[in-house]
Amino acid sequence: MLRVIGINAALLAVVLLAAELVFGTWLFGPSYGSLNLPRNLTRVYEVGDPAKATRTVVYTRDRHGLRGKYDSPATIGVLALGGSTTNEVYVSDGETWTDRLAEHFARAGVPLNVVNAGAEGQTTVGHLRNFDAWFPLIPDLKARYVLAYVGINDMALGPDGTHADQSRYDRAQSPSMARRIKSYIRNNSVLYRLWRMGRGMRKAKDARLVHATVVHADATWLPVSVAIAPPPPDGTLGRQVAAYQSRVAALIRRIRATGAEAVIVTQQRSNWRRENGVVLFAAGKDGDPDIGSYAEMTLFNRAAMAACAEAGATCIDLANEIEFRPGDFYDWVHTTPAGSARIAEYLFGKLKDRVR
């Protein structure tokens, strides 16, 4: 009996090893080494929307770590960069703003797909690193346009472009050897891939600290005029804004170095919105307007548009123009499917006469 068990165990080990060598990427295919990159991933979530109903979210990343439909990396029309507001982990495949934007182009007869390279928590620091650590590993990647939806996460960075908690999102590789080994196995093992796919297909709620329900759908909205003066250049905020402007300029240069055209898009939070051109703020529990980070966000967005204009890139000031509605966000910064559709409609209106 022991001999039979031993022979069968040895045969199983040989079969598994053969499967790893043939179907994994240890020897053949794209190798992503120890990059901290979600790939070959399918997850299903049951989440509640602002109306308290439950909806099913299917979230997938392909073998290159991208979301969206495309025939090959060489055929990508628009590659979208951003943090969690681009990644949209709680918005289902087909309902993200990148997917909706691709639908707009298709209906208009423009053969321009939109592929999502958003990464949770990334800032422009992480986006810049992607051009060295991630994108060169994608075979034949040749996007015609690279759209950067940026601003919110960069507000957490210090004047030197770092932050103790934020930096873990921007690293291409973990500083921990154990985590790098795990990433290396995850990026190459077909058995790990199958196990994770099976795990992800089970319906589950994935609690993340960066996603929390803070809905303003039932809030009282108050019109407030806020004067925003430039910060002192030698103060902390002034240096943060200047550093961000420099990073946006650097990002445009890196995009152009790949042969793509750069599109820079600003962001806004959910505690303010525009209605007929008037800025409205959600009232807090005390009845006063919840102005929050509006002024600071505006300074960062102005810096992004200044860097973009100076470089002669395509500049879209979404935060200063789009008119969101109650129910378009499920927390401070992340949009519901309705909000994502509104972003896509707005961006299509801005891009339809500029792209080819």
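The values are calculated or read from the model by the stated rules, or taken from the named source; none is laboratory data. If you're wondering where the values come from, they're calculated on a predicted model, not measured in any experiment. Don't worry about glycine lacking a Cβ; one is built from the backbone with ideal geometry, like all the others, and counts go over all protein chains shown.
When the stretch 239-287 is examined, which residues are found to be under 20 Å from the mean Cα position of the chain (by Cα), hydrophobic (A, V, I, L, M, F, W, C) and not in a strand (DSSP E or B)?
Val248, Ala249, Ala250, Leu251, Ile252, Ile255, Ala260
Hey, does the stretch 218-232 have a residue that's under 30 Å from Gly77 (Cα atoms) and touching a residue at least 12 places away in the same chain (Cβ under 8 Å)?
If we filter the stretch 218-232 for residues that are under 30 Å from Gly77 (Cα atoms), which is where we start, we get none.
Within the stretch 218-232 (the criterion being under 30 Å from Gly77 (Cα atoms) and touching a residue at least 12 places away in the same chain (Cβ under 8 Å)), the answer is no, since none of the residues qualifies.
Which of the residues belonging to the stretch 291-333 are hydrophobic (A, V, I, L, M, F, W, C), farther than 15 Å from Val150 by Cα and part of a helix (DSSP H, G or I)?
Scanning the stretch 291-333 gives Ala295, Ala309, Ala311.
For the list (1) closer than 20 Å to Val146 by Cβ; (2) at pLDDT below 85, I need the number of the one condition that Thr54 fails.
Failing condition for Thr54: (1).
Regarding Ala344, is this residue assigned to a strand (DSSP E or B) and modelled with pLDDT of 95 or more?
On the way: assigned to a strand (DSSP E or B): no; modelled with pLDDT of 95 or more: yes.
In short, no.
So which residues in the stretch 130-150 are buried (at least 18 other Cβ atoms within 10 Å of the Cβ), of a type outside the set (A, V, I, L, M, F, W, C) and either over 22 Å from Glu296 (Cβ atoms) or at pLDDT below 95 (or both)?
Asn130, Tyr145
From Ala219, Ala212, Ala227, grab the single residue that is at pLDDT below 55, under 28 Å from Asp290 (Cβ atoms) and not β-branched (Val, Ile, Thr).
Values: Ala219 fails: at pLDDT below 55; Ala227 fails: at pLDDT below 55.
Answer to the selection: Ala212.
Filtering the stretch 251-290 down to residues that are surrounded by fewer than 15 Cβ atoms within 10 Å (Cβ to Cβ) and either hydrophobic (A, V, I, L, M, F, W, C) or not assigned by TED's automatic domain parsing to the domain that holds Gly312 (or both), which residue is nearest to Val150 (Cα to Cα)?
The selected residue is Ala257.
Of Asp328, Asp317, which residue is in contact with a Lys or Arg (Cβ under 9 Å, 6 or more places away or on another chain), surrounded by 19 or more Cβ atoms within 10 Å (Cβ to Cβ), free of Cβ contacts under 8 Å to residues at least 60 places away in the same chain and of a type in the set (D, E, K, R)? Quick ask: steps written out before the conclusion?
Working: Asp317 fails: surrounded by 19 or more Cβ atoms within 10 Å (Cβ to Cβ).
Criteria check complete, one pass: Asp328.
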